[in-house]
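Structure first, then comments.
Only the coordinates and a few stated rules stand behind these numbers; no lab work does. Predicted model only: the values in this text are computed from it and were never measured. Every residue, glycine among them, receives a Cβ derived from its backbone with ideal geometry; neighbour counts consider all protein chains shown.
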Amino acid sequence: MDFNEVEDVASSDAELLKRQEPSPLAPIMNSQLFEELFEQWLSLPETGQLAIFVGLMRVQVRSLIDDAKTGAPINAPGNSSNVNAAGSNSLPSMFPAGSTPPLSPRSSSSSPHISKQRTSPSSLGSPLNLVHEPVLKVIPQFYFQNGRPPTNELKQQYISRMDHLFDNCLGGLHADEFKLVTKEVCGVPSFFSSALFRKIDIENTGIVTRDAFTRYWIDSNILTMDTATQIYIILKQPGYEYLTQVDFKPLLRGLLDTHPGLEFLHSSPEFQERYGMFLINYILYSYYLVAALIQHNSLAFFQRFPISETVIYRIFYYNNRSGNGRLTLRELKQGNLIAAMQHVDKEEDINKVLRYFSYEHFYVIYCKFWELDTDRDCMIDKENLINYGNHALTCRIIDRIYSQVPRKFTSKAEGKMSYEDFVYFILSEEDKSSEPSIDYWLCAILLSSLEAFSSLNKQFKCIDLDGNGVLTPNELQYFYEEQLHRMECLSQERVSFEDILCQIIDMIAPEKKDCITIRDLKRCKLSGYVFNILFNLSKFFAFESRDPLLIRQQREDPSLTEWDLFAHREYIRLSMEEDVEDANESAEVWEGSLEAPF
């Protein structure tokens, strides 16, 4: 059947196309007619050619898939014109030669199976070429064990700064000349100069050359590290992955030598005389204690407890949360020590740096220790600690402290607290809302890293009697019973435990009403008041009375912690007492001078 015959049939059957559409029941009624038409379609020669074409296409597709799986070279139609021609001649066509199949009466844009953008067969080539192979992208290195190497531009900037400082000193820089390099080139606080100088001058020649500084700071990629990592590398000893208390002593030695806020210590004749008698690492002594020690003719305190150790104890109290005496780089980055170091390097008044370095804070801690240590053995026993805060603490909580439940004592004397132990105690007692204080009173602060890791069970220490990790009403009542007894002895109005328990539940708002967890306490800002209710009667009364002066101070500067407010009040009190003592001594001297020589 050629194209003209098809056109005649289409014109002769035009009337059939105008017939009305059959009803839905028509196929069922005329099923015999459909079967006859289907048999006629099968008998047409074009139908047989179409079936042969489909079968050959299936065989070729399977052959191509097998070749692709085995890795054999693919000879598919479309790779070359000869192959394409041979393939077209070998396959029968259902249409006569030179003719094209009729277009569908439906628009190509309305068909969901036809893409709007067509590609010529010559551009497609093999059907397998349509699957694009993934392009391998080289991921740049993001971890450098020894620090990211500096770019050439950054290296040239540092070299130009170095040349400006090293040109005038051909042989190298001495320790007193190295301060500008520490601050301007390295960008770390200036009191790190001595520590960094000794880190580079490993042979103790007393001079740092330009090449030695380049090898240490630039070639070892320290200049591209963050400030915390740079300070960590400067302070830590070779072969160690943590900082100890000894590593901070050269740092504080440099602070004494360079900070303008501590010049009054150098101008004191007592300080200069005593300073030369002891090792250099015992630094920043208290002028008040020097006078007191001369009066008592004893230098034991002066030698053992300088302010440098107080600063170090405070650093480890707030930053070494594992409590093992090993400050890691992660703990250093998580704390605020780096910001405090940068602050003290810029601030001339050291007492304005409330974190770690305040001289007034050291003065308060040391004087408190001096008041309690009546026998001057540099230790505090249980009877001494009962006098703290005008007998504010209960005997039960003191027993828990001296059983070394919250923290193991560093003192070698049994039943006695050293100065370091006292620093941890007073910081925890005067600021119970801080996380280290909560850990002191509640959590297991262990001395080895393995035990510290296992302390994640969060067992309470001081007031969790059974060690099950939660505070129950029975444990709260055990500590509050002594508070009730003390109220009766002082003729104060009793507050029943039932009322106190309701007050504690309202303040903490625990997840479970029958117990309090460490998560509940750290989530609540009033957790410190709970501890005061249980074992500090003076602060419990102060909380009940709501001192307006304290509330106003807290509102004026919310950044001040409870420890900052306490240290400020105590420093004023101690200063006034010292002024009164000086006035009395002056009056005695004046009266003695008026006596007759006969």
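Here are a few things to note about the model shown:
- When peptides 236-248, 329-341 are ranked by their average number of other Cβ atoms within 10 Å per residue, the highest-first order is 329-341, 236-248.
- Near the amide H of Val470, within less than 5 Å, lie the amide hydrogens of Phe460, all on another chain or at least 5 residues away, with H placed in the peptide plane.
- ³J(HN,Hα) computed for each position of the stretch 183-197 - Karplus, 6.51 cos²θ - 1.76 cosθ + 1.60, integer Hz, glycine/proline x: 8, 7, 8, 7, x, 9, x, 5, 6, 7, 4, 5, 5, 5, 4
- Inter-label distance for Lys155 and Val59, nm, one decimal - labels placed 7 Å from Cα along Cα-to-Cβ: 6.8 nm
- Across the stretch 152-225, the relative contact order, built from alpha-carbon pairs under 8 Å that are at least six residues apart, equals 29 percent.
- Sequence ranges 523-529, 372-378, ranked by mean other-Cβ count within 10 angstrom, highest first: 523-529, 372-378
- Gained length - Ser545 relative to Phe38, 0.36 nm times residue gap less alpha-carbon distance: 172.2 nm
- Separation of alpha-carbon centers, the stretch 330-386 and the stretch 170-205, rounded to whole Å: 28 Å
- The packing ranking of peptides 62-68, 322-328, 424-430, highest mean first, is 424-430, 322-328, 62-68, where packing means the average number of other beta carbon atoms within 10 angstrom of each residue.
- R0 of 45 Å, Cβ-Cβ distance Asn474-Thr227: FRET efficiency to nearest 0.05: 0.35
- Using a cut-off of 30 Å between Cα atoms, the listed pairs Lys183/Lys236; Lys333/Lys522; Lys352/Lys522; Lys368/Lys513; Lys155/Lys333; Lys137/Lys199 include Lys368/Lys513; Lys137/Lys199 as exceeding that distance.
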